[in-house]
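S.K.: Dropping a structure here in structure tokens format, bear with me for questions.
Since every read-out is calculated from the coordinates, none of them should be taken as a lab result. Everything numeric here is computed off the predicted structure, so don't read it as measured data. Cβ coordinates were reconstructed from backbone atoms using ideal geometry, including for glycine residues, and neighbour counts include every protein chain displayed.
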Amino acid sequence: MSLFAKFDEIRAGVELLLGSVRNPFDVRFDKVLAPTEALLGGRTVLLFGTNNYLGLTFDAACIEASMQALEEGGTGTTGSRIANGTYSDHAQLERRIAEFYGKRSAMIFSTGYQANLGLISTLAGRGDHLLIDADSHASIYDASKLSTAEVIRFRHNDPEDLAHRLRRLKGRPGNRIIVTEGIFSMLGDTAPLREIAAIKREMGAWLIVDEAHSLGILGAHGRGLSEAAGVEGDVDFVVGTFSKSLGAVGGFAASDVPDFDLLRIVCRPYMFTASLPPAVIGSVTAALRRLSTDKSLAARVLSNSRRLYEKLAQAGFKVGPEPNPIVAVKMPDRERAAVFWNRLIDEGVYVNLALPPATPGSLSLIRSSVSSAHTEVQIDRAVSIMSAVGRELGVIAAR
Ligand SMILES: Cc1ncc(COP(=O)(O)O)c(C=O)c1O
């Protein structure tokens, strides 16, 4: 049997689905012009499918800090954090992240994916019980596979189901570790974190919150949903990424737990991969400074999000449950989702096509993400194009 035979069904599904549309898994931008605009296939498109929430990818201070770090430190560290890959700037950024969260310590990973993979799989060991939200990101699922703990999924955003599953563990030894997300990546909904934190306290569990999509957006200081919900003291480990609000690549975990730094010598996805290059550390340090001092960025991304969300809902689209920077529109089926996505590019708007099995509830989604760099004119133009294409394809009613 061919080595690749196990993927036959996926291949057939993709070929059938794509037919005459562009391949959504092989989009190649000729040039990214700005946080909200790119050239694609020779024409300008509005970018509504990036995670560039604060629009910092072209921020002058971030670029300058990055270039200076590049010139001073070279193109790469060529080593892992436990060998030659820790420069003083890595350590300094870790201190800044810890200070930002008001935690004792922080660790930087080479991606947010690796932060979840490393933290969760290392903490949840043999005899422990790992309780994850059913709609968790792939990195949390992959961490569960790598972990030797018992893995228990609880119903998405359902604290009662979580409590019920924890009660069923009564009398059994082992740590209980709960994992949830701030803003969920597909529908843009937030976790019921106050209720989850109360259950965590009652049951004596540990709590990990992935703030990948909420860093820089929620909470008075931009620390995410834990801050907005007033439960930071209950969150034992915060996970986040540099690849969204901070406009670069990389991930981190922060914690007050006294033994946290022990992870540096036992967490394999931290130990056995090259550390982030100086240029990334430079831009992320500048981006974190900007995020911490400029409250207007979060205010703008939230008002932009509400504008897109409300206008799409008014146009008749079925949108996700909350007006956060991820604005998902539910499509009637996979085929229409693919054609809709393709037509939007023809008309000058790039969004994400999100299909099962990557989506909750087998939904076919057009997933847009909003940036503080979007202008109201750009948002209104995107809504007008999406509405016209929606009517053309029968996704929303004709006027
Ligand atoms: C909830 C969540 N966690 C983690 C990640 C991984 O982040 P990174 O892109 O830094 O690997 C993502 C990325 O999409 C995400 O949505």
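S.K.: Neighbour counts of other C-beta atoms within 10 Å: give me 109, 317, 29 arranged from fewest to most.
M.R.: 29, 317, 109
S.K.: In nanometres, what is the gap between the two model label sites at residue 202 and residue 358, each 7 Å from Cα along Cα-to-Cβ?
M.R.: Going by the 7 Å Cα→Cβ label model, 3.7 nm.
S.K.: If you take every residue apart from residue 128 with its C-beta less than 9 Å away from the C-beta of residue 128, what net charge results, scoring Lys and Arg +1 and Asp and Glu -1?
M.R.: With Lys, Arg at +1 and Asp, Glu at -1, the neighbours total +1.
S.K.: Mind checking Rg over Rh on the chain, alpha carbons, Kirkwood formula for Rh?
M.R.: Radius of gyration relative to Kirkwood radius: 0.97.
S.K.: Right, next: What ranking of 270, 141 emerges when the number of other C-beta atoms within 10 Å of each C-beta is taken as an exposure proxy, fewest first?
M.R.: The order, fewest Cβ neighbours first, is 141, 270.
S.K.: Give, in nm to one decimal, the length gained when the segment between residue 145 and residue 80 is fully stretched (0.36 nm per residue of separation minus the Cα-Cα distance).
M.R.: 21.0 nm
S.K.: Oh, and also: Pick out the long, greasy-scoring helices in the chain: whole DSSP H runs spanning 18 Å or more along their own axis by Cα, mean Kyte-Doolittle at least -1.0. Don't jump to the answer; show the numbers that get you there.
M.R.: Values: long enough: 60-73 (19 Å, 0.34); 88-101 (20 Å, -0.97); 278-293 (23 Å, 0.74); 296-314 (27 Å, -0.36); 334-347 (20 Å, -0.68); 376-392 (24 Å, 0.12).
Qualifying helices: 60-73, 88-101, 278-293, 296-314, 334-347, 376-392.
S.K.: Å³ per residue of the Cα convex hull, for segment 59-293?
M.R.: Taking the convex hull of the Cα positions in segment 59-293, it is 107 Å³ per residue.
S.K.: Now a separate question. Across bins of 10 angstrom width beginning at 0, how are the C-alpha pair distances of segment 342-399 distributed, in whole percent?
M.R.: 21, 46, 30, 3
S.K.: Compute, for the chain, the length of the dipole vector about the Cα centre, with Cβ point charges of +1 (Lys, Arg) and -1 (Asp, Glu) only. Units Debye, rounded to 20. Can you show the working numbers first?
M.R.: On the way: 44 positive and 44 negative charges, 107 e Å.
The calculated dipole for the chain is roughly 520 debye.
S.K.: Report the gain in length on full extension from residue 99 to residue 26: 0.36 nm times residue separation, minus Cα-Cα distance, nm rounded to one decimal.
M.R.: The residue 99-residue 26 span can extend by a further 22.3 nm.
S.K.: I've got another one for you. Rank the residues 213, 374, 164 as a footprinting-exposure proxy: fewest other Cβ atoms within 10 Å of their Cβ go first.
M.R.: Ascending number of Cβ neighbours within 10 Å: 164, 374, 213.
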